[in-house]
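The values are calculated or read from the model by the stated rules, or taken from the named source; none is laboratory data. Every value quoted in this text rests on a predicted model; they were computed, and no experiment measured them. Cβ: placed from backbone, ideal geometry, glycine included. Neighbour counts: every protein chain shown. All accessible areas refer to the heavy atoms of the entire protein, side chains included, with ligands and DNA or RNA removed. Shrake-Rupley method; radii C 1.70, N 1.55, O 1.52, S 1.80 Å.
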Amino acid sequence: MKHLIITGANGGIGSAICKLYKKNDWFIIGLDIHDKKNENIDNYYKINLFNSEEIKNFIQNIERVDCFIHCAAYQSCKPIWEYTEEEWDNSYKCNVKSVFIFIKYGIEIFKKYKTNIINIASIHASSTSENIAAYASSKSALVGLTRNLAIDLANFGIRVNSISPGAINTPMLKNHLSKEKLKTLENSHLLKKIGEPIQIAKTCLFVNENEFFNGNNIVIDGGILCQLSSE
């Protein structure tokens with residue numbers, strides 16, 4: 001049985017990924033900061049990705065990993081001058097540095113199983129908005145890191161890709177938007193709707209199964225980027 005390790009396993013997108021992979025007979029190893037796990041996780045680890053030592057300790061427990069999905073994200077929405085240094089640093093620790101830590105200290109197990117790595121980035125890596133500088137810039141860094149990892153790890157048969165969702169119907173999105181703003185956001189899309197977590201999960205499974213897919217950043221945004229904002 002193939003093994004999936006996924007960070008942010010209890011989130012909106014993370015839960016959908018766990019459910020879909022479980023349906024396809026994967027063994028699910030879920031990581032998250034919360035006490036409870038979702039029902040599709042076989043082995044659960046409560047881990048704070050701000051803390052590199054917790055990641056290192058987890059890596060010592062890994063016996064197999066066929067696919068690693070970094071889905072966890074930290075988001076703080078405010079003008080850049082209002083960020084605390086801790087909020088800024090935590091954005092990069094969770095969204096970017098944690099991937100570096102997983103690779104640095106887990107490289108031998110990744111090499112052994114030719115692990116497929118998928119980083120969940122964001123549309124904000126390509127086009128962004130106000131009051132989200134730390135999240136947007138860290139997701140841009142994650143896309144850049146994905147490309148470098150695809151080059152550095154290719155000799156080991158390891159593929160690395162990123163997926164950049166647009167507006168997806170998750171608690172993270174709803175926690176930062178009023179109902180009115182959410183409706184406005186829906187109407188700004190060509191199809192007058194936002195995405196669902198299952199659509200990101202299906203893309204992860206597609207990337208995992210397509211062995212020639214490598215070094216790419218897949219944008220799934222309902223077409224929002226193809227239309228000029230001036231129109």
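Step by step: find N for region 132-231, compute 2.2 N^0.38 Å, then divide the Cα radius of gyration by it. What's the final number?
This ratio for region 132-231 stands at 1.24.
Any idea what the dipole of region 1-55 comes to, in debye rounded to 20, about its Cα centre with Lys/Arg Cβ at +1 and Asp/Glu Cβ at -1?
For region 1-55, the charge dipole is close to 260 debye.
Taking the chain as the reference, fit the longest principal axis to its C-alpha atoms, fit the long axis of helix 197-209 to the helix C-alpha atoms, and give the angle between the two in degrees, 0 to 90, nearest 10.
Tilt relative to the chain: about 40 degrees.
Could you please report the charge total around Trp81, scoring K, R as +1 and D, E as -1 over all other residues with beta-carbon less than 13 angstrom from its beta-carbon?
-3
Quick one: angle between helix 12-23 and the longest Cα principal axis of the chain, in degrees between 0 and 90, rounded to 10, please.
With rounding to tens, the tilt is 40 degrees.
Taking a ≥ b ≥ c as the square roots of the Cα gyration tensor eigenvalues, with a/c under 1.5 meaning rounded and otherwise prolate when a/b beats b/c, else oblate, which class fits region 21-65?
It comes out oblate by the Cα gyration axes.
GNM on the chain, C-alpha springs below 10 Å: top fluctuator among Leu205, Leu31, Leu49?
Leu205
Accessible area per residue for the chain in Å², computed with a 1.4 Å probe and the full protein assembly in place, what is it?
Result: 52 Å² per residue.
Between region 18-39 and region 188-229, what's the alpha-carbon centroid distance in Å?
21
Taking +1 at the Cβ of each Lys and Arg and -1 at the Cβ of each Asp and Glu, which of Ile101, Tyr135, Ile69 sits farthest along the dipole of the chain towards its positive end, judged by Cα position relative to the Cα centre?
The one lying farthest along the dipole's positive direction is Ile69.
Take the chain, connect every pair of alpha-carbon atoms lying under 10 Å apart with a spring to form a Gaussian network, then pick out the residue of Tyr92, Tyr105, Tyr45 with the largest mean-square fluctuation.
The residue with the greatest mean-square fluctuation here is Tyr105.
Restricting the count to DSSP beta bridges whose residues both fall in region 72-231, what percent are antiparallel, rounded to a multiple of 5?
DSSP beta bridges in region 72-231 are roughly 0 percent antiparallel.
Each residue of region 144-160 in turn: what ³J(HN,Hα) in whole Hz from Karplus with 6.51, -1.76, 1.60 and θ = phi - 60°, glycine and Pro shown as x?
Along region 144-160, the couplings run x, 4, 4, 5, 5, 5, 4, 6, 5, 9, 4, 5, 9, x, 9, 9, 9 Hz.
In debye, nearest 20, what is the charge dipole magnitude of region 84-172 about its Cα centre with +1 on Lys and Arg Cβ and -1 on Asp and Glu Cβ, if you could check?
600
Give the average over all directions of the projected area of the C-alpha convex hull of region 56-170, one decimal, in nm².
Averaged projected area of region 56-170's Cα convex hull equals 7.6 nm².
Tally up the carbon and sulfur contribution to the accessible surface of the chain as a whole percent, 1.4 Å probe, everything protein left in place.
Looking at the chain in its full context, I get 50 percent from C and S.
For region 51-123, just run the numbers: alpha carbon Rg, then divide by 2.2 N^0.38 Å, N being how many residues it has.
1.28
Pick out which of Asn210, Asn38, Asn119 has the largest mean-square fluctuation in a Gaussian network model of the chain, springs linking Cα atoms closer than 10 Å.
Residue with maximal mean-square fluctuation among Asn210, Asn38, Asn119: Asn210.
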